[in-house]
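Worksheet: the structure to be examined is printed underneath.
The values are calculated or read from the model by the stated rules, or taken from the named source; none is laboratory data. No experiment lies behind these values; they were computed from the predicted model shown. Here the Cβ is made from the backbone with ideal geometry for all residues, glycine too, and neighbour counts use every protein chain on show. Side chains are part of the model used for accessible areas, which takes the heavy atoms of the whole protein and leaves out ligands, DNA and RNA. Shrake-Rupley method; radii C 1.70, N 1.55, O 1.52, S 1.80 Å.
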Amino acid sequence: MPSVEHELLISLLRGSPSALRGLFAHALGVELGPLVEVSETFSDLSPAVYTVDLAVESDTERVLVEVQRSIDASKHLAWPLYAASAHARDGRPTRLVVLATDRRVAVWARRPIASFHGGCFAPCVIGPDDLPLVD
């Protein structure tokens, strides 16, 4: 269930997608283009519906954001689905970033997820140690 902390992080990024660009540059060394928010809900033929916390995109790429406050093994099944489903819509390069509010959760989220054809899926993870200090 979403918490105040979860919703606050999403609200901050929804109000300023450029902040996500700054986090990517600072924590991951990845430069993203200008981003605008979009709506992303992922579904398949079964009744389950998967909804990402936040989706933003530019003309050339899409970034899916998940706030993760605790270890949840089911997310290792859902995260590759989110990225693959979003990518399948139009072939746009897609990144999934996990904002982990706890160091232990960040370490867990960084573990590669066994996925397709012997490969693995590794989300971009920004944890507490990756955030710039606020003066």
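Some notes on this structure:
- In segment 83-98, the count of residues that are more than 15 Å from the chain's Cα centre (by Cα), over 26 Å from Thr60 (Cα atoms) and without any contact (Cβ under 8 Å) to a residue 12 or more places away in the chain is zero.
- Some residue of segment 92-110 being over 27 Å from Ser3 (Cβ atoms) and of a type in the set (Gly, Ala, Ser): no
- Set Arg62, Arg104, Arg89, Arg69: member being open to solvent by less than 20 Å² (accessible area, probe 1.4 Å) and among the basic types (Lys, Arg): Arg62
- Only one of Ser58, Ser115 that is over 23 Å from Asp129 (Cβ atoms) and touching a Gly at 6+ places or on another chain (Cβ under 8 Å): Ser58
- Glu31 being at pLDDT 85 or above, more than 15 Å from the chain's Cα centre (by Cα) and exposed (fewer than 13 other Cβ atoms within 10 Å of the Cβ): yes
- Qualifying residue in segment 36-51 (condition: touching a helix residue (DSSP H, G or I) at 6+ places or on another chain (Cβ under 6 Å), buried (at least 17 other Cβ atoms within 10 Å of the Cβ), at pLDDT 80 or above and not charged (D, E, K, R)): no
- So Val63, is it in contact with a strand residue (DSSP E or B) (Cβ under 6 Å, 6 or more places away or on another chain) and modelled with pLDDT of 95 or more: no
- Extreme residue, farthest from Ile71 (Cα to Cα), among residues of segment 108-124 that are surrounded by fewer than 14 Cβ atoms within 10 Å (Cβ to Cβ) and either of a type in the set (Ser, Thr, Tyr) or within 15 Å of the chain's Cα centre (by Cα) (or both): Pro112
- Just one of the listed residues (Ala109, Ala84) is aliphatic (A, V, I, L, M), outside any strand (DSSP E or B) and more than 25 Å from Pro132 (Cα to Cα), and it is Ala84.
- Every condition in (1) loosely packed, with under 13 Cβ neighbours inside 10 Å; (2) touching a residue at least 24 places away in the same chain (Cβ under 8 Å) holds for Gly127 except the one numbered (1).
- Meets criteria (of a type in the set (Ser, Thr, Tyr) and at pLDDT below 85) for Ser74: no
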